[in-house]
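Here's the structure we're looking at; comments come further down.
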Amino acid sequence: MKLTLLAAARQKPHLHRGQGAKLTGTVLTVTDTFTKEICSDEDRDSAAASCSKGEAPNPTLDRQQPPSSPALQVEVSDTGNESSRSPPHATGDSDIATDIQVNEVFLGFEATAGSSASELQSKILGSTEKNKIDLSKCRGQGYDGAANMSGVYSGVQGRIAEKEPLARYVHCAAHNLNLALNDSGVKQFYDTVETLYNFFGHSIKRWALLSEFMTPASRNITLKRLCPTRWSSRHDALVALRHRYGDIIRALIKISLTSDKRDERDEASALKNVISRFSFIFLVNVQTKILECVNAASQLLQAKDTDILKTSTLLKNAISVLMEYRGQFDETKSTTLALATKWGSQTQFETTRARKVKRHFDELSEDSRLTDAESNFRVNIFNACLDIIIQQLSQRFTSLTGTSNLFEAIHPSTLQQAQDEELHQAPRRLTEHYSRDIAPSFPGQLLSFRTCFRDLIPTQKSVMDLAKVLIVNHPAVTSTFSEVCTVFILFLTRPVTVATAERSFSKLKLIKNYLRSTMGQERLSGLAMLSIENDRVRKLDIQRIVDEFAERKARRVPLEH
């Protein structure tokens, strides 16, 4: 689950740096000292005080949420104290912005007794309060599509929106994409692919037999299992199946003829008959093409630096490619026919007996179902599968597309092509929606920004590139375009997916194993923070932490190190 927080005073285009949860307990451990060093309350309090005084906080930009938070970080070169650094638009020699990065910060695990929306809301609000996060600065929230999370009225997002209306909900795009493909109507096909992997993978003897038929071209390719949530694994499984198809057929034939187990012979013979059908080979070809179109978007959605514009653009391209592919049945059939001939499989669609439907006495029309095998496959499987995916991709990402259109004014293509009057009208809806964060002077500043950087804008491909042009390459004018900086930060810190947050559960399996079954919640969160935020841990001064631990721990014998 995600919350996005804009922790800065209005007209100040900077976000407060993310801080983790302060772990407290009756026993002081080295883990506590490390986590407190990573998540210093002192820096957070000083930045919060700066916001209350109308000053800009530290030049590290952040968006926070439990358990993991995406952030926009401006790296600066500074020789002074971190808490006293100026914002990125400062022009001092000792404080120059060098880069902008979108980060996600782990804050800890929260144990919940139930999964109702009210319980999850209280946990989220309790975590934000414990970490001293002001909910009034929340500008986005992202969850999966479960009813208790995404419900408009009684879900978690609806309850959070009641307390902060600007916390706009975005359905996790990675979950959405998986659901769109899951509804494609070819479940039986993927069940066969999974059964094929299980048949060889669950027996060392059968797997070794399959390896005997390996050719030099397929030496480094092995069968892959399907994952119900990661559709990139399905693409890998189908690619492996296409390259090892001949080896699989030969192995199944040998097992069906030489095995001394009747069940094994029957299963091998049945699998061989299924995958030898022309319709199965056709579906392998079609599904590989579909997943090739969607795989790039799926990989991008799992990246840390993804943004709404990139995601929306890739999804639109995938929809257009699939719509074009829908009219290429004859070309796909020719390709499949060449593969079937090469593999020695069937080259025609199998004809099945049509079930006779009873016609009542008052019905005028006869049974008009398709009797031709090829026409039936084209209408009921090929077209139906593509229609479902295209429809799902168009409908499920309506919210994401709406958010992208809301920030259309700062897209590089809009800045390059729009007329002055159009560019002045485009930000109106954005200014009205974020009236507490964006001043009415934003349209004028945007026009001035385009005029000043007219030669550089055509070479920029994303909003991140535009932000770097303004904040990193030309820090002297960031104060002039403060509202443009604010909009850039709002866009870049919008939640797109919760993939990084869910990766924390991979660490959970490694940390809380059977040897640590009695570990408490505080120690678990502390160890997880050390493991997940290991890049920041490696930069800590270990000697200073040990000294602090030795001073705070009451001992009769001095702690030597």
Links exceeding 32 Å between C-alpha atoms in this model, out of K132/K509; K304/K512; K123/K468; K187/K461; K205/K507; K187/K342, come to K123/K468; K187/K461; K205/K507
Dividing the mean separation of Cα pairs under 8 Å (6+ apart) by the residue count of the stretch 405-474 yields a relative contact order in percent of 37
Stretched fully, the stretch from V469 through Y514 gains (0.36 nm per residue minus C-alpha distance, one decimal, in nm) 11.1 nm
With label points set 7 Å from each Cα along the Cα-to-Cβ direction at S122 and K304, the distance between them in nm comes to 3.5
With label points set 7 Å from each Cα along the Cα-to-Cβ direction at H243 and T313, the distance between them in nm comes to 3.0
Descending packing, highest mean Cβ count within 10 Å first, for 334-345, 378-389 is 378-389, 334-345
Extend 7 Å from the Cα of T98 along its Cα-to-C-beta direction; within the stretch 293-307, residues with backbone N under 18 Å of that point are none
quick shape note, the stretch 111-236: Cα extents on principal axes in Å, largest first -> 64, 32, 28
Rounded to the nearest whole number, the per residue volume of the convex hull around the C-alpha atoms of the stretch 230-303 in Å³ is 91
With 0.36 nm assigned to each residue of separation and the Cα-Cα distance removed, R355 to S320 gains 8.9 nm
Ratio for the stretch 493-551, C-alpha Rg to 2.2 N^0.38 Å, reads 1.42
Between I204 and D260, the FRET efficiency computed from the C-beta separation at R0 = 25 Å comes out, to the nearest 0.05, as 0.95
For the stretch 263-405, the percent of accessible surface on carbon and sulfur atoms (probe 1.4 angstrom, ligands and nucleic acids excluded) is 49
Taking 0.36 nm per residue of separation between T459 and V274 and subtracting their Cα-Cα distance, the length gained on full extension comes to 61.4 nm
Checking rank on 123-135, 491-503, with mean other Cβ inside 10 Å and highest first, the result is 491-503, 123-135
Probe 1.4 Å, heavy atoms of protein chains only: per residue, the accessible area of the stretch 322-468 in Å² is 61
Expressed in nanometres to one decimal, the distance between label points 7 Å along Cα→Cβ at N405 and E129 is 3.9
Highest mean packing first, using Cβ neighbours within 10 angstrom, the peptides 201-208, 265-272, 290-297 sort as 290-297, 265-272, 201-208
Its Cα gyration tensor gives the stretch 407-561 an equivalent ellipsoid whose semi-axes in whole Å, largest first, are 48, 20, 15
One finds, for R436 and S115 with R0 = 22 angstrom and r their Cβ-Cβ distance, a FRET efficiency to the nearest 0.05 of 0.10
A correct Stokes-Einstein calculation for the stretch 387-437, using the alpha-carbon Kirkwood radius, 25 °C and 0.890 mPa s, returns a whole-number D in µm² s⁻¹ of 195
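The values are calculated or read from the model by the stated rules, or taken from the named source; none is laboratory data. Worth saying up front: this structure is predicted, and the values here are computed from it rather than measured. A quick note on method: Cβ atoms are made from the backbone with ideal geometry, for glycine too, and the neighbour counts reach across all protein chains shown. SASA here: full protein model, heavy atoms, side chains in, ligands and nucleic acids out. Shrake-Rupley method; radii C 1.70, N 1.55, O 1.52, S 1.80 Å.
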